[in-house]
Amino acid sequence: MRHIPFGAVACLLAVQATAQTPLSFTDIQSKARPAPEQWRTEALLAERRLQFQESRGFLREGPALSLSAGPRRTPGAGTTTDRGLEVDLPLFLSPGVRSALATSLGRAHPLLAEAARREGALRLRVAYLDAWLASRILALKETDLATVEGWLRAAQARFDAGADPAFQVSLVEGERLKIQQDLDEARIQEARTWGALVALADLPAAPLPLGDPGPAPVLAADGLERGLQEGPLRKALLAQADLETRSLRLKEAQALSRWSLRGGFAREGQDQVAKFGAALRLPRPGETAAIRSSTEAQVRAVQGEARQALADLDARAASALSRMRKAQAGSAPPDFLRAIQAVGLRLQEGRERPSEALPIRRQLLESQMASLRRTHAQHLLAAEIQTLLPEVDR
């Protein structure tokens, strides 16, 4: 019987041979684009800065200038041209509300920027780990297909020699069809995860080899719960809620500001006339109450959303801490390499039939994928905790 590479599955975790150097996460970070969270944060801060700039000084909005000119006909004196200039200065008499927004904006800017940076880094890390897992599972499926095809040739040879019945060949053929279908799904998953990574980093459209993430960092649970209260994401949520509340208060104060200063200068014939005074815009019936009611409703909505976001963040952190404690108690993964080599050796020596080895191979394959997913989950967990808690060393 010709030699069959039954020990090929021993290379399940190896990166496929390639002339390209696998991309590490550091390489991907150097090619990263700004994350959607960062763009949204910049847009929010720019909008609040614009709102503050529009209310600077003692004006509710920019002054209005008007120019006028027209002929004046005087009997016996001919025609002259009258000219007039008027200015309207809408007053904003609530500087404390504006100052509160400026203070809140100055406090929120670095907090929101740091939270967006961390969330963006986490999104990139997750995309990298997902792509890495998909590529390893694809390599696993490809190696497994080569192994089963070798077993199929062995089963066919034994059938031709009259050593095994025909159903031995049929069983291995059916297993090969299943693996081919799994392989197609693994290729689709690799394409999806790589596409998600390309959306966050300047990478080619075709998948490239990815380096292993290495051992997951060992994180101590001591003090992490207390550290959550000082985490940057929590501080950013509180700062954003305060910023939005101050913004609503400023909008309310602007809507309720009704006084303005008016002045004008006109040349009427030989006369020059200067005027100065004040104006009051009278509210429509129920307008003031409606403005105040609308503001209070929006403030309550902002506070409610902030409470919900904080509750979600607490649940997210609690789940991460719980999973971390359970993960630390786990034992080391079994040595699948030796088990796979042992099965291959028995097949080579004729002590196992392919139909007997298939269930063993399937269990070892599932165990190997479980080991990969466990590594993937450990790195995801570490990245999550590092994002939430500032005490964790990066």
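The residue that is modelled with the highest pLDDT, counting only those in the stretch 142-154 that are open to solvent by 20 Å² or more (accessible area, probe 1.4 Å) and among the charged types (D, E, K, R), is Glu142.
Would you check if Glu173 is at pLDDT below 85, part of a helix (DSSP H, G or I) and within 26 Å of Ser371 (Cβ to Cβ)? Spelling it out, it is not the case that Glu173 is at pLDDT below 85, part of a helix (DSSP H, G or I) and within 26 Å of Ser371 (Cβ to Cβ). For first residues located in the stretch 188-208 and under 20 Å from Leu122 (Cα atoms) and open to solvent by 60 Å² or more (accessible area, probe 1.4 Å), partners that are at pLDDT 90 or above and not aromatic (Phe, Trp, Tyr) and lie 6+ apart or on another chain with Cβ distances below 7 Å form the pairs Asp202/Lys31; Asp202/Arg33.
For residues that are in contact (Cβ under 8 Å) with a residue 24 or more places away in the chain and surrounded by fewer than 16 Cβ atoms within 10 Å (Cβ to Cβ), scanning just the stretch 276-293, find the one that is farthest from Thr79 (Cα to Cα). My answer is Arg292.
Filtered by the rule that a residue be assigned to a helix (DSSP H, G or I) and of a type in the set (Gly, Ala, Ser), the stretch 180-207 gives Ala186, Ala191, Gly195, Ala196. Pairing residues of the stretch 134-145 that are basic (Lys, Arg) with residues that are assigned to a helix (DSSP H, G or I), at Cβ distances under 6 Å and at least 6 apart in sequence or on separate chains, gives Arg136/Leu372; Lys141/Asp182; Lys141/Leu183; Lys141/Ala186. Going through (1) within 24 Å of the chain's Cα centre (by Cα); (2) open to solvent by 80 Å² or more (accessible area, probe 1.4 Å); (3) at pLDDT 90 or above one by one, Arg300 falls short only on (1). Is it the case that Ala306 is under 30 Å from Ile385 (Cβ atoms), open to solvent by less than 90 Å² (accessible area, probe 1.4 Å) and part of a helix (DSSP H, G or I)? Yes, satisfied. Does Asp184 fit the bill of being under 30 Å from the mean Cα position of the chain (by Cα), surrounded by fewer than 20 Cβ atoms within 10 Å (Cβ to Cβ), under 30 Å from Thr41 (Cα atoms) and at pLDDT 90 or above? When the stated conditions are applied, Asp184 does not pass them. Given the criteria charged (D, E, K, R) and either farther than 29 Å from Leu237 by Cα or more than 45 Å from the chain's Cα centre (by Cα) (or both), does Glu61 qualify? When the stated conditions are applied, Glu61 passes them.
Residues that are basic (Lys, Arg) and modelled with pLDDT of 90 or more within the stretch 4-62 comprise Lys31, Arg33, Arg40, Arg48, Arg49, listed in sequence order. The residue pairs whose first member lies in the stretch 22-44 and is in contact (Cβ under 8 Å) with a residue 40 or more places away in the chain, whose second member is part of a strand (DSSP E or B), and whose beta carbons are closer than 7 Å, counting only pairs six or more residues apart or on different chains, are Pro22/Leu210; Leu23/Leu210; Ile28/Ala201; Lys31/Ala201; Ala32/Ala201; Arg33/Ala201.
Across the stretch 231-258, the qualifying residues are those that are outside any helix (DSSP H, G or I) and of a type in the set (Gly, Ala, Ser), and the one among them that is nearest to the chain's Cα centre (by Cα) is Gly231. The set of residues in the stretch 103-119 that are touching a Lys or Arg at 6+ places or on another chain (Cβ under 9 Å) and open to solvent by less than 60 Å² (accessible area, probe 1.4 Å) comprises Ser104, Leu105, Ala108, Leu111, Glu114, Ala115, Ala116.
When restricted to residues that are open to solvent by 80 Å² or more (accessible area, probe 1.4 Å), more than 24 Å from Ala113 (Cα to Cα) and outside any strand (DSSP E or B), the stretch 44-98 contains 6.
The values are calculated or read from the model by the stated rules, or taken from the named source; none is laboratory data. Note that this is a predicted model, so its numbers are computed, not measured. In this analysis, Cβ positions are derived from the backbone assuming ideal geometry, glycine residues included, and neighbour counts consider all displayed protein chains. Remember, those area values only see protein heavy atoms, side chains included, never the ligands or the DNA or RNA. Shrake-Rupley method; radii C 1.70, N 1.55, O 1.52, S 1.80 Å.
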